[in-house]
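The values are calculated or read from the model by the stated rules, or taken from the named source; none is laboratory data. All figures in this text were calculated on a predicted structure; none of them were measured in a lab. Cβ: placed from backbone, ideal geometry, glycine included. Neighbour counts: every protein chain shown. Just so you know, the surface numbers come from the protein's heavy atoms only, side chains and all, with ligands and any DNA or RNA stripped out. Shrake-Rupley method; radii C 1.70, N 1.55, O 1.52, S 1.80 Å.
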Amino acid sequence: MSTDAPPRKSRRGLGIAGILLACAAVAVVVTGINAREKSDADLRNWTDEQAISSVAVTRPDGKVLTNTLDLPGRLEAYSRAPIYARVSGYVKSWNADIGAKVKAGQVIAEVEAPDLDQQLLQARADLASQQASARLSEATLNRRKTLLASNFVSAQEIDERTADLANKKAAVNSGQANVERLEALAGYKKITAPFDGVVTERNTDVGALISAGSSAGPAMFVVSDIAKLRVYVNVPQTYVPMIKIGAKAVITLPEYPNRSFPATVEASSQAVDVSSGTTRMQLALDNAKGELMPGGYANVKLSLVRDGVPLHIPASALMFNRSGLRVAVVGPDDRVQLKTVKIARDLGREIELASGLSPDDRIIVAPPDGIADGEKVRVVGGDAGKGKPTASEKQDVKG
């Protein structure tokens, strides 16, 4: 009996050890499975997190960046008169070259018109003949009237002589009118300046053939009044209500880089050009010193009168596709909303909006490619309230 005890204890120990090893193996397997499941869950969570786009947001800036509008303009003389000849002939002489200052009524050229001179001589001779015929008819009528009482002439003859005298007087009046017409035309042989100004063009010379009233070719002279200039500028339709008649403007020119000239809005065409979508406005510019030249290019800075403060956004926030021009906005649930906007003015890095956003919108500064409406995003960098101007900014706006 004593010899069988040790083997039984050995087998019992081996059984316990086997059970322990089996439990350890099960524990290792369970731990591994749990660890793998946790790792897979973490990987899925990480992948899902990486799939959400991280975006930086800002709010529309309500600060007025500029209260003016810069546009190209064109200078024109306040009064400009192309001068054509009223009589045909040849240029006999001219007295004013380009750049010459002239006074109203000053003779600047003379035309030699021998045909007109001969027509005037003929008209005067015809008038003299008609006047002589009228005098003879009147004398004859008076003699016949003295014989009417003695019945030497009939009443019929007196009536005929009276009608003949009236006819002769009408011919005299016609001849006189013809002479005065030709004399008036002869007066146009002298080309005069219509007003005080400067000769800006001369397109003729001595001996040149002149055709009366021809406007097909260039004018003989162009006289311009440059003491005051008109500045024409085409204003986009969006800004027309912001520019009032009498508003002030500043004119700068390439030839005077360090100077500016004040101007005043004088008139508006009150119509929009269909091809350009702009309204032509006219400004008055004083040029008493004659420093500025008509026909020149100018930069016009117009003062704008706004009813409210416009919103500005970064240019990078704009998205353009087949749906039009839109901006990505992050809603309260951190989901994207695509809003259609209208641009009022492109200021380079900043865009001034005409409509589409409110000051409280959180706009994505640089929306990723392919971002869609309703997509979940992660806002990074904090929700900057740039759309709410500070006290100093409000003071700047009021100023």
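At-a-glance table
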item	result
Residue within segment 233-245 that is of a type in the set (Lys, Arg) and farther than 16 Å from Glu76 by Cα present	yes
Which numbered condition Ala267 fails, given (1) assigned to a strand (DSSP E or B); (2) open to solvent by 50 Å² or more (accessible area, probe 1.4 Å); (3) more than 15 Å from Leu71 (Cβ to Cβ); (4) among the hydrophobic types (A, V, I, L, M, F, W, C)	(2)
Residue within segment 181-193 that is free of Cβ contacts under 8 Å to residues at least 60 places away in the same chain and surrounded by fewer than 13 Cβ atoms within 10 Å (Cβ to Cβ) present	yes
Within segment 61-150, strands (runs of 3 or more DSSP E) holding 1 or more residues that are in contact (Cβ under 8 Å) with a residue 12 or more places away in the chain and closer than 30 Å to Arg362 by Cβ	68-83
Strands (runs of 3 or more DSSP E) lying entirely in segment 283-325 (those with 2 or more residues that are in contact (Cβ under 8 Å) with a residue 40 or more places away in the chain and closer than 17 Å to Leu69 by Cα)	297-303, 311-314
Out of Leu311, Leu302, sole residue that is at pLDDT below 85 and hydrophobic (A, V, I, L, M, F, W, C)	Leu311
Residue list for segment 238-264, restricted to those being assigned to a strand (DSSP E or B) and open to solvent by 40 Å² or more (accessible area, probe 1.4 Å)	Lys248, Val250, Thr252, Tyr256, Pro257, Asn258, Arg259, Ser260, Pro262, Thr264
Residue within segment 290-305 that is over 16 Å from Val57 (Cα atoms), over 21 Å from the mean Cα position of the chain (by Cα), of a type in the set (A, V, I, L, M, F, W, C) and exposed (fewer than 15 other Cβ atoms within 10 Å of the Cβ) present	no
Pick from segment 345-376, criterion of a type in the set (Lys, Arg) and either surrounded by 15 or more Cβ atoms within 10 Å (Cβ to Cβ) or farther than 26 Å from Thr68 by Cα (or both), ranking: modelled with the highest pLDDT	Arg362
Odd one out for Val198 among (1) of a type in the set (A, V, I, L, M); (2) in a strand (DSSP E or B); (3) more than 60 Å from the chain's Cα centre (by Cα)	(3)
Failed item, numbered, when Thr238 is tested on (1) touching a Ser or Thr at 6+ places or on another chain (Cβ under 7 Å); (2) in contact (Cβ under 8 Å) with a residue 40 or more places away in the chain	(1)
Residues (among the small types (Gly, Ala, Ser) and either surrounded by 15 or more Cβ atoms within 10 Å (Cβ to Cβ) or at negative phi (or both)) located in segment 270-289	Ala271, Ser275, Ser276, Ala284, Ala288
Residue match in segment 306-318 (condition: under 21 Å from Asn234 (Cβ atoms), open to solvent by 40 Å² or more (accessible area, probe 1.4 Å) and touching a Ser or Thr at 6+ places or on another chain (Cβ under 9 Å))	no
Residues (open to solvent by 20 Å² or more (accessible area, probe 1.4 Å) and touching a Lys or Arg at 6+ places or on another chain (Cβ under 7 Å)) located in segment 101-119	Val107, Glu110, Glu112
Flag if Asp225 is out of contact with any helix residue (DSSP H, G or I) (no Cβ under 7 Å at 6 or more places or on another chain), assigned to a loop (DSSP other than H, G, I, E, B), at pLDDT 90 or above and open to solvent by 20 Å² or more (accessible area, probe 1.4 Å)	no
Pair list, Cβ < 7 Å and 6+ apart or interchain, from segment 159-177 residues that are farther than 28 Å from Leu120 by Cβ to residues that are among the charged types (D, E, K, R) and part of a helix (DSSP H, G or I)	Arg161/Arg144
One residue from Lys339, Lys386 being among the basic types (Lys, Arg), modelled with pLDDT of 80 or more and either surrounded by 15 or more Cβ atoms within 10 Å (Cβ to Cβ) or in a strand (DSSP E or B) (or both)	Lys339
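Condition check ((1) out of contact with any Ser or Thr (no Cβ under 8 Å at 6 or more places or on another chain); (2) open to solvent by less than 70 Å² (accessible area, probe 1.4 Å); (3) over 30 Å from Ala249 (Cα atoms); (4) not polar (S, T, N, Q)) across all residues:
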| residue | (1), (2), (3), (4) |
| --- | --- |
| Tyr84 | no, no, yes, yes |
| Asn95 | yes, no, yes, no |
| Glu157 | yes, yes, yes, yes |
| Ala166 | yes, yes, yes, yes |
